[in-house]
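Only one structure is covered here, and it is reproduced in the block below.
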Amino acid sequence: MPYVPPHLRAQPGHEGRDTQAPSKSLADLASGPLKHTHKKPPPNRPPPGPGEYRRNRHSDSSGGKQRASAPKAFGTLSGRRCLAPSEDIEGGTRVDAEGMVYDLDGTAVYFCDRFRRYRFDSGAGGLSLLRALCSRLRTMLELNGAMFDPDEEAAKKQKEHGYELYEEKPTLRSNSKRVGADGESHTVGTWSNEEYGLVGFQWMYLRFKSYQRFSETWALLERCALAGLFNDFLSAAAASAKTGGDRLTLRFVSLGGGPGFELLAVEFFMRYWAEVGENGTDEEKAAWLCASSFEGDRAADAPYALELVSLDLQPSWATYVKSLGAQYDFAQWDVHGSGAAPILGERGVDPNVTTVCMLSNILCYCSDEQTAELFSGLLSVEGGVSAIVVNERGAEQPIVPRLQKRGVHVRKLLDQASAGRDDRQMIFLPATSAPAGEGSVSLEAPIFPNQPYEERKSMNKTTDGFENLRLKSEDDGWQVVGSK
Ligand SMILES: C[S@@+](CC[C@H](N)C(=O)[O-])C[C@H]1O[C@@H](n2cnc3c(N)ncnc32)[C@H](O)[C@@H]1O
């Protein structure tokens, strides 16, 4: 059946409409429909049956009660209408072609959703980082552009197909299974391996996941650093450099790392933290960030080597990851059966290398007992991994009790008190290590405030009048529609 963009299908009176009707131009697809109707189930789709996936609802594996998604529970209260593709923030100058990032009098306004509905603000330092992200993203998009079919019509179809997959997530809805490297059958998560490999899908993913992954990971790293995660390594690296000892290596391995935006955040953050982040004043930090273009490979200047590795089932991410710089590497890897060896790389366990794993939006593909066994094995003495840092979307991650049962120390970095359990940012530490403190880590002057969304948490229901607002629930947030 010919593709019809979801926003056209969902328009009133569209039911039964001729699917040959002219579709929107690719320029519109590029930034999304004017009307935010994409979340409504398209006509002819039956509601999910018992046991089928329900969008934006989570239940733990023990059959616990369902709970609103993290954006609903913790944020997106100030829902806004989406911006039209050609519309701009008043007084703002676009940093990227699509208006995902703006320079507003030397500070940043940016969006992480493709309809540019939920605005995030950041200071001058954040703007400098987002400029650097946009610069690397431009290269990735050039590489992506070169992979499309040379025939214009065929390329347009590839983009339309990518848009549809990104938007509709048909694989998630079908609850499909795939056979892993271990020979077992596993649930396929949001998108299938084949879908991740499509140039049109990658065109969507690169353009719209980049900002969210980058800014959320930066905030995660700030929390990890304040929790002391990098202290031992950085002191040892500095001491070794001072005494002419071996140059130490920090190896970050993103499991299911895809195109590597979380690794890009690590590259920028580790430079920042070592040079100014830990001890600088807010002004010094902003000045340092503004003066840093993050261009070029500064690896040789650092007192330690940084290795940034994406391990992923979909091999075609390699091109994008490697475009990020000489410190980056990629290998095809299946969490279900490829084992631990590629995580440590050829050197294996090496006293000069500190390995940290990252999980960025991958747990929907792997939260079973076997994965918990893999992760707890990595964190054992023989496993050689110092910590696993996590950035996820769901508030309740079923892997947490599975790891705790195996003795892994789980440190939850986000506030757990004001709005209940929140597993979105965590550190998993070896059972044998002294836990790096306890409790959440609040950022006093974050570079990217409200990452991930926590704005609803801070609303005191009685004193801030939250209960006096009339809210319309939407799939990815709340719309304030008036007061009671
Ligand atoms: C939602 S994306 C996250 C990518 C990246 N970490 C990020 O945050 O943007 C999920 C990634 O997991 C990968 N993936 C899915 N199943 C996997 C598996 N069995 N083993 C390794 N990677 C897998 C996909 O190819 C995809 O790149």
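Where a number appears in this text, it was derived from the coordinates with a stated rule and is not lab data. What you are looking at is a predicted structure, and each value in this text was computed from that prediction instead of being measured. In this analysis, Cβ positions are derived from the backbone assuming ideal geometry, glycine residues included, and neighbour counts consider all displayed protein chains.
Put a dot 7 Å past each Cα toward the Cβ at A326 and V349; how far apart are the dots in nm?
About 3.2 nm, to one decimal.
Please check which bits of region 89-114 a label hung off R138 would reach, taking the label as a point 7 Å along Cα-to-C-beta and the cut-off as backbone N under 11 Å.
Counting only backbone N, you get 95-97.
Could you please report the charge total around L344, scoring K, R as +1 and D, E as -1 over all other residues with beta-carbon less than 15 angstrom from its beta-carbon? Spell out each step's value before the answer.
Details: positive: R251, R347; negative: E307, D329, E346, D350, E382.
Taking every other residue near L344 into account, the sum is -3.
Ratio to report: Rg/Rh of region 261-382, with Cα atoms as the point set and Rh obtained by the Kirkwood method; give two decimals.
On the way: Rg = 16.6 Å, Rh = 16.5 Å.
Reported Rg/Rh (Cα atoms, Kirkwood Rh): 1.01.
Charges only on Cβ, +1 for Lys and Arg, -1 for Asp and Glu: so what's the dipole of region 311-425 about the Cα centre, in debye to the nearest 20?
Here region 311-425 has a charge dipole of around 260 debye.
Rounded, prolate or oblate: which fits region 243-312 when a ≥ b ≥ c are the square roots of the eigenvalues of the alpha-carbon gyration tensor, with rounded for a/c under 1.5 and prolate only if a/b beats b/c? Provide the component values of the computation, followed by the final result.
Values: a/c = 2.14, a/b = 1.27, b/c = 1.68.
Oblate.
May I ask you to derive the FRET efficiency for D301 and N193 from their Cβ-Cβ distance with R0 = 41 Å, giving the value to the nearest 0.05?
Details: r = 39 Å, r/R0 = 0.94.
So the FRET efficiency works out to roughly 0.60.
What is the calculated FRET efficiency for L104 to E455, with r their C-beta to C-beta distance and R₀ = 25 Å, to the nearest 0.05? Show your work: numbers first, answer last.
On the way: r = 19 Å, r/R0 = 0.77.
Plugging the Cβ-Cβ distance into 1/(1 + (r/R0)^6) gives 0.85.
Looking only at region 336-445, where both bridge partners belong to it, what percent of the DSSP beta bridges are antiparallel (to the nearest 5)?
Working: 8 of 14 bridges.
About 55 percent, rounded to the nearest 5.
If I take every Cα pair under 8 Å that is 6 or more residues apart in region 110-260, average their sequence separation and divide by the length, what percent do I get for the relative contact order?
Details: 103 pairs, mean separation 33.9, N = 151.
Once normalised by length, the contact order is 22 percent.
At a Förster radius of 41 Å, what calculated FRET efficiency corresponds to the Cβ-Cβ distance of Q404 and A238, to the nearest 0.05?
Details: r = 34 Å, r/R0 = 0.83.
That gives a FRET efficiency of 0.75.
How much length is gained on full extension from S442 to C290, taking 0.36 nm per residue of separation minus their Cα-Cα distance? Could you put the intermediate results ahead of the total?
On the way: separation 152, 0.36 × 152 = 54.72 nm, distance 2.40 nm.
Extra length available between S442 and C290 comes to 52.3 nm.
Amide H to amide H under 5 Å from H186: which residues, 5+ apart in sequence or cross-chain, H placed 1.01 Å off N in plane?
R178, V179, G180
What are the extents of the Cα atoms of region 200-266 along their three principal axes, listed from largest to smallest and rounded to whole Å?
51, 23, 17
Under 5 Å between amide H atoms, partner at least 5 residues away or on a different chain: which partners does T355 have, H built in plane at 1.01 Å?
Amide H neighbours of T355: R251, S386.
Just how large is the dipole of region 222-337 about the Cα centre, in debye to the nearest 20, putting +1 at every Lys and Arg Cβ and -1 at every Asp and Glu Cβ? Don't skip to the end; give the middle numbers.
Values: 8 positive and 17 negative charges, 41 e Å.
In total the dipole reaches around 200 debye.
Where in region 182-219 does the amide nitrogen come within less than 12 Å of the point 7 Å from the Cα of T319, taken along Cα to Cβ?
197-203
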